[in-house]
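The values are calculated or read from the model by the stated rules, or taken from the named source; none is laboratory data. For clarity, every value in this text was computed on a predicted model and none was experimentally measured. Ideal geometry is used to build each Cβ from the backbone, glycine not excepted, and the neighbour counts take in all protein chains shown.
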Amino acid sequence: MAYELKLFTGNANRPLAEEIAQYLRLPLSDAEVTRFSDGEIYVQVNENVRGTDVYVLQPTCPPVNDTLMELLIMIDALKRASARRITAVLSYYGYARQDRKVEPRVPITAKLVADLLEAAGIDRVLALDLHAGQIQGFFKVPVDHLFAAPVMIDYLGKKELRDPVIVAPDAGGVERARAIAKRLNAGLAIIDKRRQGPNAAVAMHLIGEVRARDAVVIDDMIDTAGTLVQAVGALAREGARRILACGVHPVLSGPALERIGASPLEEVVVTNSIPVPAEKRIPRVTVLSVAPLLGEAIRRIHDEESVSTLFV
């Protein structure tokens, strides 16, 4: 028996949801997500979802607490409306940076968010570039973990990079950088970074050869751009010819744009996993769409087809 596919979204990233709906050639399903006068979130699903295969696109991006609560309440509404299966499509997973205890008396918020989503009633998760791969294990439901690497690789392949080297801004990003370097037939370099505290990092030294080469810094997110500009500074000191950066999730908070503007970066490539408002779309920032990638994954999951070829 074929079950109908329905795609819903909250207020976090409606443009991306509309792009995905267009890729899937179906209308974006109707749900009202508003606020009571005291700020509480109100959700009303305005169409029948009984027995349907439902996907909720909602990155838990800033304001993270509001977008997370919207997602939880939407899932609850759909569960109580008898949806057959509910898949949370998390193009950005908020609270993912706290994925383990690195000092006494701190939380593991990535696990807490997973518990909240399961308690709300999800049956499956479709995530894009989690900050740490082990977050998949925080869920008891199936998790499909996509990477935006194919989108980035396709774009970088058209840049005519000369003797390129892919740079991991810290030890945690080496696996991601190595995979992209292999696909682009490029070299690999690593920044030895020591973190001083939240949103504060100092690049110590560079491992690898970048002199007179085109360097591309690869990271999963760009928040305050502190890590990025430290890496760029190290590359400039070592004589890199051109310096570009790729970050899947453009959080771009605080002094990020100012830091990018004052750095020797030629271009910063991000995706629309998080909406990038007009005031943040400075000339150096290029936004690529992940709608076809997410849309194809949704189609394959709905049709019970393999999605392994999308895991690059």
Quiz prompt | Residue selected from the range 221-231 under the condition touching a helix residue (DSSP H, G or I) at 6+ places or on another chain (Cβ under 7 Å) and under 12 Å from Ala245 (Cβ atoms), by the criterion surrounded by the most Cβ atoms within 10 Å (Cβ to Cβ) | solution = Ala225
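Among residues belonging to the range 242-263 that are closer than 22 Å to Asp163 by Cβ and at pLDDT 95 or above, point out the one that is nearest to the chain's Cα centre (by Cα). Before the answer, list the steps.
Initial filter on the range 242-263 (closer than 22 Å to Asp163 by Cβ): 242-246, 263.
In the following step, the residues that additionally are at pLDDT 95 or above were identified as 242-246.
Working: Arg242: 26, Ile243: 22, Leu244: 19, Ala245: 15, Cys246: 12 Å.
The selected residue is Cys246.
Among the listed residues Gly94, Gly121, Gly133, which satisfies the condition of being touching a helix residue (DSSP H, G or I) at 6+ places or on another chain (Cβ under 6 Å) and either modelled with pLDDT under 95 or over 21 Å from His249 (Cβ atoms) (or both)? Spell out how you get there, then give the answer.
Details: Gly94 fails: either modelled with pLDDT under 95 or over 21 Å from His249 (Cβ atoms) (or both); Gly133 fails: touching a helix residue (DSSP H, G or I) at 6+ places or on another chain (Cβ under 6 Å).
So the residue among Gly94, Gly121, Gly133 that is touching a helix residue (DSSP H, G or I) at 6+ places or on another chain (Cβ under 6 Å) and either modelled with pLDDT under 95 or over 21 Å from His249 (Cβ atoms) (or both) is Gly121.
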Exercise. Out of the residues in the range 80-96 that are basic (Lys, Arg) and farther than 19 Å from Leu146 by Cβ, state the one that is surrounded by the fewest Cβ atoms within 10 Å (Cβ to Cβ).
Key: Arg80
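So, of the residues in the range 288-309 that are surrounded by 16 or more Cβ atoms within 10 Å (Cβ to Cβ) and over 14 Å from Ile20 (Cβ atoms), which turns out to be modelled with the highest pLDDT?
Here is the first cut: in the range 288-309, the ones surrounded by 16 or more Cβ atoms within 10 Å (Cβ to Cβ) are 288-291, 293-302, 307.
Okay, now just the ones that are also over 14 Å from Ile20 (Cβ atoms), so 288, 307.
Working: Leu288: 97, Val307: 92.
Top of the filtered list is Leu288.
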Quiz item: Just a yes or no: is a residue in the range 103-110 of a type outside the set (Gly, Ala, Ser), in a helix (DSSP H, G or I) and surrounded by fewer than 24 Cβ atoms within 10 Å (Cβ to Cβ)?
Solution: yes
Quiz item: Within the range 37-60, is there a residue that is within 23 Å of the chain's Cα centre (by Cα), assigned to a loop (DSSP other than H, G, I, E, B) and surrounded by fewer than 21 Cβ atoms within 10 Å (Cβ to Cβ)?
Solution: no
Self-check item: Number of the condition not met by Gln230 [criteria: (1) touching a residue at least 40 places away in the same chain (Cβ under 8 Å); (2) within 24 Å of Lys158 (Cα to Cα); (3) not aromatic (Phe, Trp, Tyr)]
Solution: (2)
Practice problem: Considering (1) touching a residue at least 24 places away in the same chain (Cβ under 8 Å); (2) within 22 Å of the chain's Cα centre (by Cα); (3) farther than 21 Å from Val251 by Cβ; (4) surrounded by fewer than 22 Cβ atoms within 10 Å (Cβ to Cβ), say which one Asp99 fails and leave the rest. | Solution: (3)
